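Report on the following structure.
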Amino acid sequence: KEMLETIDYCRNIGLTVNVYLEGWSEGAQTSWDYLKRILHSIPKNKVERVMLCDTMGILYPAQVGGLVKKTMKILFNLKIDVHMHDDYGLATANTLAGVSTGLVSGVHVTVNSMGERAGNASLEQVVVGINDLTSHTTRVSESLLKKLCQMASSFSGRPKPANAPIAGSNIFVDGCGVHVHG
């Protein structure tokens, strides 16, 4: 009831409304009936998009696609985003699994995976992964990603590890010369 009142209030004052489903991943696995009631209560004509959040970072890629599809059976007319945390080091893989369903219209990412606890899905990894590993594309200029990562490191005081995928300084260093840089 409070959610609906808040949505109506925001719409009445001219705001666009997005709904963040914090804990969606846990709810989808352990409390589906409760989550389903929440999903059915989201007024489709008053909400711009719904964010499916793996706030605890507990999903793995094989789960993500099925849970996104199950959720979209209820939210079929809405745009959805995925927001993945990296507690098990799977945020990028989970984001790509969501994108691969063809049902996700947006992804939440951070530069250099910065975020709370273990971080969030990495912009640089997600962009390159979408462009190279899925049938989808982004409008992000890959040629600017390394510079952006360097800037974020400089501003945050958190250096990018040399062995970090995509933007690490060692990514193109290889003794036998047959890996990513090929």
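The values are calculated or read from the model by the stated rules, or taken from the named source; none is laboratory data. Keep in mind that this is a model prediction, so the values were computed, not measured. Reconstructed Cβ throughout: ideal geometry from the backbone, glycine too, with neighbour counts over all protein chains shown. Note: areas computed on protein heavy atoms with side chains; ligands, DNA, RNA excluded. Shrake-Rupley method; radii C 1.70, N 1.55, O 1.52, S 1.80 Å.
Modelled spin-label separation between residue 79 and residue 10, with each label point placed 7 Å from Cα along the Cα-to-Cβ direction: 1.4 nm.
Might you report the magnitude of the Cβ-based charge dipole of the chain about its Cα centre, with Lys and Arg at +1 and Asp and Glu at -1, to the nearest 20 debye? All intermediate terms of the calculation are to be shown ahead of the outcome.
On the way: 17 positive and 16 negative charges, 89 e Å.
Value, rounded to 20: 420 debye.
In straight-distance terms, cross-link reach from residue 44 covers every one of the lysines whose alpha-carbon lies under 20 Å from its own, apart from those fewer than eight places away in the same chain; here that gives 1, 36, 69, 70, 73, 79. A simple spin-label model places pseudo-atoms 7 Å from Cα toward Cβ; at residue 134 and residue 148 they are separated by 1.5 nm.
Taking 0.36 nm per residue of separation and subtracting the current Cα-Cα distance, fully stretching the chain between residue 1 and residue 31 would add 8.9 nm. Evaluated at q = 0.15, 0.18 Å⁻¹, a Debye calculation over the C-alpha positions of the stretch 1-68 (equal weights, vacuum) places log10 I(q)/I(0) at -0.53, -0.72.
Ordered from largest to smallest accessible area (heavy atoms of protein chains, 1.4 Å probe), the residues 101, 30 come out as 30, 101.
On average, how much area does the Cα convex hull of the chain cover when viewed from any direction, in nm²? Spell out each step's value before the answer.
On the way: hull surface 48.9 nm².
For the chain, averaging the hull's shadow over all directions gives 12.2 nm².
Taking every DSSP bridge with both residues inside the chain, close to 5 percent are antiparallel. Relative to a virtual label point 7 Å from the Cα of residue 117 in the Cα→beta-carbon direction, which members of the stretch 59-91 show backbone nitrogen distances below 13 Å? Of the residues in the stretch 59-91, 59-60, 84-91 have backbone N under 13 Å from the label point off residue 117.
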